[in-house]
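Chemist: First the structure, which I've put down as structure tokens, then a few questions once you've had a look.
The values are calculated or read from the model by the stated rules, or taken from the named source; none is laboratory data. Given the structure is predicted, the values throughout are model-derived calculations rather than measurements. Virtual Cβ from ideal backbone geometry, glycine too; neighbours counted across all protein chains shown.
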Amino acid sequence: MGMGVNTLAELNSRVDQAERLRRIVSDLKQRSDEIIRENSQKMNHSARLIAVTSGKGGVGKTSVTANLAIELSRLGNKVIIIDGDLGLANIEVMMGIVPKYSLYEMIRLDISLSEVITEGPNGVKFISGGSGIMEMASLDRQKFQRIINSLSALDRYADFILIDTGAGISQNVTNFLVAADEVILVTNPEPTSITDSYAILKFLDSQNPQCDVKVVVNMVEGLSEANEIIRRLNAAAERFLNIKVKNLGYIVEDNNVSKGIKIQSPFVLSSPRCDAAKNIKDIADRLVANKENAYGTTEGVKSFLARLYRAFSTTT
Ligand SMILES: Nc1ncnc2c1ncn2[C@@H]1O[C@H](COP(=O)(O)OP(=O)(O)OP(=O)(O)O)[C@@H](O)[C@H]1O
Ligand SMILES: [Mg+2]
């Protein structure tokens, strides 16, 4: 009587109940295993952080950065552009976007990371560095750690972070070059551009020799002119430096590039079938395929920022 099992029917129902419970627990365990697995994959994910630079100004860094970002995004990658150029807000104008805040506000006014991210064309995200990047150097360790921690969220989000660095061997640019795992060096056929590119290679050779350097030759007539420039850069690098230079591709001189800039629409969108757009597609494919030197550490953004902080702190 009372608490005991009275009938066979009741007994059966209790067995059923126990069986149901066991199944629920096992389902739960399976699901939580999946969640843990998913998150540990996410935690291991880190963005490829690539500095886009050039020896000489005006050779097409910003144009390459904007169009390459869109193409990478089309290939299914999550892409963030950081404008590291302290000069004019080139990228913003080229992509036709108006960011509300920059890293400066994030650092000085405690604006959240999501508020400094602006959505650009094709899902490409944009962060304006402004003077915020220099500002980081003046932070105390604790504040810097906080900024690093919030910026590290970008690793989980992005597959590629492209930094448009500005030109030449000025401190603002070289600090990025010291910190970057990968560099895209944009050059054009002008002799001065080639010499200035060599100066960047020389700098990287002494300051960041394990860095992976990939050259894009812009504004050429075609493949043979591009190959000739790569050959000359490589010959000089092989003779005088230890650093290896990879050929990432070329972009022909094409009116659609400046047409796109005028209407504030990157040419891969406004003239998707033009020659320059085809060239950008090849460059994007090659960049995605070429990952052997992308470090892929678990702390891509974190270690980059730490190195950047060190570079700025020792030079300012
Ligand atoms: N493949 C190309 N064909 C024709 N014109 C081009 C090409 N690439 C760039 N240009 C032109 O060169 C100009 C400079 O390009 P861009 O602003 O991208 O250079 P940059 O290296 O970012 O310059 P800065 O050093 O001033 O930041 C642009 O106005 C653009 O019209
Ligand atoms: Mg530029």
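Chemist: Please work out which residue is farthest from Gly168 (Cα to Cα), limiting yourself to region 195-232 and to residues that are touching a residue at least 40 places away in the same chain (Cβ under 8 Å) and more than 25 Å from the chain's Cα centre (by Cα).
Modeler: Ile229
Chemist: Quick check on region 78-87. Is at least one of its residues away from ligand 1 (no atom under 16 Å from the Cβ), at pLDDT 85 or above and not basic (Lys, Arg)?
Modeler: yes
Chemist: Tell me which of these Leu248 doesn't satisfy, since it passes every other one: (1) at pLDDT 95 or above; (2) under 22 Å from Asn67 (Cβ atoms); (3) out of contact with any helix residue (DSSP H, G or I) (no Cβ under 6 Å at 6 or more places or on another chain).
Modeler: (3)
Chemist: Of everything in region 170-193 that's more than 16 Å from ligand 2 (Cβ to nearest atom) and free of Cβ contacts under 8 Å to residues at least 60 places away in the same chain, which residue is surrounded by the fewest Cβ atoms within 10 Å (Cβ to Cβ)?
Modeler: So, considering only residues that are more than 16 Å from ligand 2 (Cβ to nearest atom) and free of Cβ contacts under 8 Å to residues at least 60 places away in the same chain, the one surrounded by the fewest Cβ atoms within 10 Å (Cβ to Cβ) is Pro191.
Chemist: Based on what the data block shows, is Gln210 out of contact with any strand residue (DSSP E or B) (no Cβ under 7 Å at 6 or more places or on another chain), surrounded by fewer than 19 Cβ atoms within 10 Å (Cβ to Cβ) and within 24 Å of Ile133 (Cβ to Cβ)?
Modeler: yes
Chemist: Going by what's in this entry, would Leu109 be described as within 16 Å of ligand 1 (Cβ to nearest atom) and surrounded by fewer than 18 Cβ atoms within 10 Å (Cβ to Cβ)?
Modeler: no
Chemist: From the list Ser26, Ser46, Ser73, Ser32, which residue is more than 13 Å from ligand 2 (Cβ to nearest atom), over 13 Å from Ile184 (Cα atoms), at pLDDT 95 or above and among the hydroxyl-bearing types (Ser, Thr, Tyr)?
Modeler: Values: Ser26 fails: at pLDDT 95 or above; Ser46 fails: at pLDDT 95 or above; Ser32 fails: at pLDDT 95 or above.
Result: Ser73 is the single residue among Ser26, Ser46, Ser73, Ser32 that is more than 13 Å from ligand 2 (Cβ to nearest atom), over 13 Å from Ile184 (Cα atoms), at pLDDT 95 or above and among the hydroxyl-bearing types (Ser, Thr, Tyr).
Chemist: Evaluate the following for Asp164: is it part of a loop (DSSP other than H, G, I, E, B), closer than 24 Å to Asp212 by Cβ, within 16 Å of ligand 2 (Cβ to nearest atom) and not aliphatic (A, V, I, L, M)?
Modeler: So Asp164 does not fit the description; no.
Chemist: Restricting the search to region 43-99, which residues are under 19 Å from Asp254 (Cβ atoms), hydroxyl-bearing (Ser, Thr, Tyr) and not in a helix (DSSP H, G or I)?
Modeler: Residue satisfying the conditions is Ser54 alone.
Chemist: So, one more: Being at pLDDT below 90 and either away from ligand 2 (no atom under 16 Å from the Cβ) or among the hydroxyl-bearing types (Ser, Thr, Tyr) (or both) is the filter; apply it to region 113-132 and report the residue that is farthest from Leu154 (Cα to Cα).
Modeler: It comes out as Ser131.
Residue by residue, here is whether (1) of a type in the set (Lys, Arg); (2) more than 16 Å from ligand 2 (Cβ to nearest atom); (3) in a strand (DSSP E or B); (4) free of Cβ contacts under 8 Å to residues at least 60 places away in the same chain holds:
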{"site": "Glu238", "(1), (2), (3), (4)": "no, yes, no, yes"}
{"site": "Leu248", "(1), (2), (3), (4)": "no, yes, yes, no"}
{"site": "Ile251", "(1), (2), (3), (4)": "no, no, yes, no"}
{"site": "Lys259", "(1), (2), (3), (4)": "yes, yes, no, yes"}
{"site": "Ser265", "(1), (2), (3), (4)": "no, yes, no, no"}
{"site": "Leu269", "(1), (2), (3), (4)": "no, yes, no, no"}
{"site": "Pro272", "(1), (2), (3), (4)": "no, yes, no, yes"}
{"site": "Lys278", "(1), (2), (3), (4)": "yes, yes, no, yes"}
{"site": "Val288", "(1), (2), (3), (4)": "no, yes, no, no"}
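Chemist: What is the one condition in (1) at pLDDT 85 or above; (2) within 16 Å of ligand 2 (Cβ to nearest atom); (3) over 30 Å from Asp282 (Cβ atoms) that Val98 does not satisfy?
Modeler: Tallying (1) at pLDDT 85 or above; (2) within 16 Å of ligand 2 (Cβ to nearest atom); (3) over 30 Å from Asp282 (Cβ atoms), Val98 fails exactly one: (2).
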